[in-house]
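Enquirer: Encoded as structure tokens, here's the structure I'll be asking about.
Read-outs: derived from the displayed coordinates by stated rules, not from any lab. Everything quoted here is computed from the prediction, not taken from an experiment. A quick note on method: Cβ atoms are made from the backbone with ideal geometry, for glycine too, and the neighbour counts reach across all protein chains shown.
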Amino acid sequence: MKKVYQEKKKGYFCRIILNNNNIMAQDKVRVRFAPSPTGPLHIGGVRTALYNYLFAKQHGGDLILRIEDTDSQRFVEGAEEYILESFKWLGIEFNEGVSFGGGCGPYRQSERKTIYKQYVDRLVDAGLAYIAFDTPDELERKRKEIANFQYDASTRMQMRNSLTLPGEEIKRLIDNGENYVVRIRIEPGEDIHVNDLIRGEVVINSSVIDDKVLFKSADQLPTYHLANIVDDHLMEITHVIRGEEWLPSAPLHVILYHYLGWADTMPKFAHLPLLLKPEGNGKLSKRDGDRLGFPVFPLEWKDIKTGDTSSGYRESGYLPDAVINFLALLGWNAGNNQEIMSVEEMIALFDLANCSKSGAKFDYEKGKWFNHQYIIKKDNKELAVMAQPVLAKHNVQATPAYVEKVIGLVKERLTFINELWDQASFFFVAPTGYDEKVVKKRWKEDSASQLSELIDVLISREPFDVQGTEETVKSWIENKGYHLGNIMNATRLALVGESKGPHIFDIMEALGKEETINRLKRAIELIKK
Ligand code: GLU
């Protein structure tokens, strides 16, 4: 193969883009994330972008956002905006690309039509690609006629293309405006070597690759295969880090680099492991999320056509840093068993050599665990701001300082900030009733009289702080020879309405003397009856 390709590449062997000093900027790492705007960005795509980001940052390189929108059939309105908003939320920053600018634009493939056309023409002129006029019906007929039909060296001479039709006929068809495609001409029987940074050397025989369509006259647009290679070359991409699903295309891409004369500057490939269903059997899909109740998209997505809404990590109460940490470890490990990592640490530790070859199970419970850890780590002030919508939903107005204090007391119990109400509503509204089971178990015969005494003890307690109140109450209990547990349980029932919540003296301090006493009085009155 090499021989054929090298002879044919003569004349194309040049890098088109030179930097400002006219020196090829080969040394700088340049990677790209190249989503197709066909719907909301899948969480697997976010992971691909993240790995590119970590790799770029570690090497002081550039990360480019390229929108691969050449398939107009699959284009979805709003998908590009969604992608941009997702990365903004997650804090993944790009150096160049759609909405970021840069010297290699435009970065939206639909705006690069004229660029691709010259390379299509080059390949055709060099005999490395050819024009094919076969209609969908004709192709269908062939598929019926030949079992496992593939448009390749074994069949192409039976088809209507520029290899089989006379020159005048080709000209006539084109002049008549007949639709055609341009197909790559794959030489069969050659071993194509793909050196993958994660998988090692992958060898695929060219006979299994069909003469893929590179360009369609109908919309004057290239297909993914050509546009992807041309852009990676012109944008001086040094490493292509992408999802495993693209691995089967890699040999074709290697051939194209040779055909276009760019083999020497071909980027290095790294195909990331698949994200698997939580059970491990097969690729993670949106249906798994629906079935098991977790989001597979970073942000909520509303499908304009169907009206369906898919949940997002943001709207489900995830912290962006927790999502990043969780995703980073789906298919990569830091080599030191460390799990909680800041982005800076990830940048320092990231290594493609520590990416697994086999798929990574999407362990959703682990995702929740990460969120819990990040809530604990997060500043109470920031959490208090995040809690505002939760409180507003329950018409609660509290000072930021109070919310902050409450959060400090209950955050160890939260996986998501919107669980705050379940865990801490009693800090904001007094109980309106008392859990019957708890009353039965915890409200003793002498609870009412003991809590009345407790009220007297608390009235004179000043200041009403955790430590002082605890000391005063405990020494009163000791002097009286009362049962500590019984009094604490009854007090909790009075203040909270059930048997949950943090340390009882923390609750007292937060509520303040007046409210604590009011609640005790109310319980004595109501539970007695
Ligand atoms: N546009 C492709 C996608 O949607 C890009 C694949 C690649 O990174 O080469 O995943």
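Enquirer: Write out, first by first residue and then by second, each pair whose Cβ atoms fall under 7 Å of each other, whose residues are 6+ apart or on separate chains, and whose first residue, in segment 233-258, is on the phi > 0 side of the Ramachandran plot while the second is in a helix (DSSP H, G or I) and more than 11 Å from the ligand (Cβ to nearest atom).
Expert: none
Enquirer: Quick check on segment 286-327: of everything there that is farther than 28 Å from S342 by Cα and of a type in the set (S, T, N, Q), which residue is surrounded by the most Cβ atoms within 10 Å (Cβ to Cβ)?
Expert: My answer is S310.
Enquirer: Would it be correct to say that E201 is of a type in the set (D, E), closer than 29 Å to K357 by Cα and either crowded, with 17+ Cβ neighbours inside 10 Å or within 16 Å of the ligand (Cβ to nearest atom) (or both)? Step through it out loud before you land on a result.
Expert: Working: of a type in the set (D, E): yes; closer than 29 Å to K357 by Cα: yes; either crowded, with 17+ Cβ neighbours inside 10 Å or within 16 Å of the ligand (Cβ to nearest atom) (or both): no.
So E201 does not fit the description; no.
Enquirer: If you take the residues of segment 72-90 that are closer than 18 Å to D303 by Cβ and charged (D, E, K, R), which of them is surrounded by the most Cβ atoms within 10 Å (Cβ to Cβ)? I'd like the intermediate steps shown before the answer.
Expert: The initial filter retains those residues of segment 72-90 that are closer than 18 Å to D303 by Cβ, namely 73-83, 85-86.
Next, from what is left, pick out any that are charged (D, E, K, R): 74, 77, 80-81, 85.
On the way: R74: 12, E77: 9, E80: 19, E81: 11, E85: 15.
It comes out as E80.
Enquirer: Checking I347 against (1) under 27 Å from D232 (Cβ atoms); (2) touching a helix residue (DSSP H, G or I) at 6+ places or on another chain (Cβ under 8 Å); (3) free of Cβ contacts under 8 Å to residues at least 40 places away in the same chain: exactly one of these is not met. Which one?
Expert: (3)
Enquirer: Identify the residue in segment 204-228 that is touching a Lys or Arg at 6+ places or on another chain (Cβ under 6 Å) and closer than 14 Å to V124 by Cβ and, among all such residues, is farthest from the ligand (Cβ to nearest atom).
Expert: As a first pass, look at segment 204-228 and keep what is touching a Lys or Arg at 6+ places or on another chain (Cβ under 6 Å): 211, 213, 220, 225.
This time we only want the ones that are closer than 14 Å to V124 by Cβ, so: 211, 213.
Values: D211: 20, V213: 16 Å.
The extreme case among them is D211.
Conditions (1) part of a helix (DSSP H, G or I); (2) more than 14 Å from R522 (Cα to Cα), marked per residue:
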| site | (1), (2) |
| --- | --- |
| K437 | yes, yes |
| A448 | yes, no |
| E471 | yes, yes |
| K474 | yes, yes |
| N489 | yes, yes |
| L495 | yes, no |
| K500 | no, yes |
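Enquirer: Residues that are touching a helix residue (DSSP H, G or I) at 6+ places or on another chain (Cβ under 6 Å) and not charged (D, E, K, R): which strands (runs of 3 or more DSSP E) entirely in segment 180-297 hold 2 or more of them?
Expert: In segment 180-297, the matching strands (runs of 3 or more DSSP E) lie at 191-196, 213-216, 239-243, 268-272.
Enquirer: If K357 meets every condition in (1) of a type in the set (K, R); (2) touching a residue at least 60 places away in the same chain (Cβ under 8 Å); (3) surrounded by 15 or more Cβ atoms within 10 Å (Cβ to Cβ) apart from one, which number is that one?
Expert: (3) is the only condition that K357 fails.
Enquirer: Further question on the same structure: Pick out the one residue from L319, L352, L299 that is within 16 Å of P273 (Cα to Cα) and among the hydrophobic types (A, V, I, L, M, F, W, C).
Expert: L352
Enquirer: Let me ask you something else. So which pairs qualify, if the first residue must be in segment 164-182 and without any contact (Cβ under 8 Å) to a residue 60 or more places away in the chain, the second must be among the hydroxyl-bearing types (S, T, Y) and surrounded by 17 or more Cβ atoms within 10 Å (Cβ to Cβ), the Cβ gap must be under 6 Å, and the two must be at least 6 apart or on different chains?
Expert: I170/S162
Enquirer: Does V429 satisfy being within 30 Å of K381 (Cβ to Cβ), without any contact (Cβ under 8 Å) to a residue 60 or more places away in the chain, surrounded by fewer than 17 Cβ atoms within 10 Å (Cβ to Cβ) and in contact with an Asp or Glu (Cβ under 9 Å, 6 or more places away or on another chain)?
Expert: no
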